[in-house]
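Participant: Take a look at the following structure, please.
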């Protein structure tokens with residue numbers, strides 16, 4: 001399956017870890033941004049199949065990104081990768097349409113299992 005992936009996280013290390021956790025055949029289909037505003041801009045300008053999104057970021061956090069995606073009817077699969085593992089946060093993002101919530105640091109096998117479960121890999 002050919003598709004493009006947008007990784008949005010304010011940490012360069014986290015972006016690198018997520019990129020390395022994705023199956024190797026996706027390497028040329030990955031773009032990265034460091035805040036929610038950049039993610040919304042990229043998603044508005046181009047077509048992405050998957051957004052891997054952090055929650056806690058400056059400028060525009062992950063919740064604001066999800067709300068904006070819903071308001072603008074931007075269709076993209078979303079996986080949250082965050083250290084904010086509070087049950088109420090997981091519930092909140094689930095209501096905003098995310099596929100899965102993965103705790104940081106990202107586990108390569110768990111991420112690939114999520115991609116497989118939802119038919120993205």
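Since every read-out is calculated from the coordinates, none of them should be taken as a lab result. Note that the coordinates shown come from a computational prediction; the quantities given were computed from them, not determined experimentally.
Participant: What do you get for Rg/Rh over the range 5-117 if you use C-alpha atoms and the Kirkwood form of Rh?
Facilitator: On the Cα set of the range 5-117, Rg over Rh gives 0.92.
Participant: May I pose another question? Among 103, 71, 38, which one shows the highest mean-square fluctuation when the chain is modelled as a Gaussian network with alpha-carbon springs under 10 Å?
Facilitator: In the Gaussian network model the winner is 71.
Participant: Mind checking the alpha-carbon convex hull of the range 54-96 and giving the volume per residue in Å³?
Facilitator: 69
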